[in-house]
1. Given (1) open to solvent by 90 Å² or more (accessible area, probe 1.4 Å); (2) modelled with pLDDT of 95 or more; (3) among the aliphatic types (A, V, I, L, M), identify the lone condition not met by LEU77.
2. Can you tell me which residue within region 28-57, out of those that are closer than 14 Å to MET12 by Cα and hydroxyl-bearing (Ser, Thr, Tyr), is surrounded by the fewest Cβ atoms within 10 Å (Cβ to Cβ)?
3. Determine if region 43-65 includes at least one residue that is among the acidic types (Asp, Glu), in contact with a strand residue (DSSP E or B) (Cβ under 7 Å, 6 or more places away or on another chain) and at pLDDT below 85.
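The values are calculated or read from the model by the stated rules, or taken from the named source; none is laboratory data. These numbers were taken from a predicted model, which means no experiment stands behind them. Cβ placement follows ideal geometry from the backbone for every residue including glycine, while neighbour counts extend to all protein chains displayed. All accessible areas refer to the heavy atoms of the entire protein, side chains included, with ligands and DNA or RNA removed. Shrake-Rupley method; radii C 1.70, N 1.55, O 1.52, S 1.80 Å.
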Amino acid sequence: MNTEAMIDWDEMFEYLPGTIVELKEKPGVLYQIDYYEAMMVPPIWLVDEPRPRYPNELRIVSRREVPVCDLEPQSSLV
């Protein structure tokens, strides 16, 4: 079985570690995504939250804390 085909890449990149979310059942209480475990159901683990969550249980509040890399221009070899 091809596990690569089973991974929802769009969802995985939407719920990146560091993204700030709130549980729809607890509006106003903010959590940070710890990690996304693609082979686990539900796949989203939150910091200081004992059980994983489904995307439909969450509302994304901010992606400000998501780690990104700086892109620097590279000189071309001509």
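1. Among (1) open to solvent by 90 Å² or more (accessible area, probe 1.4 Å); (2) modelled with pLDDT of 95 or more; (3) among the aliphatic types (A, V, I, L, M), the lone unmet condition for LEU77 is (2).
2. TYR54
3. Of the residues in region 43-65, the ones among the acidic types (Asp, Glu) are 48-49, 57, 65.
With in contact with a strand residue (DSSP E or B) (Cβ under 7 Å, 6 or more places away or on another chain) added as a condition, the list becomes 49, 57, 65.
Still in the list and also at pLDDT below 85: 65.
Yes - at least one qualifying residue is present in region 43-65.
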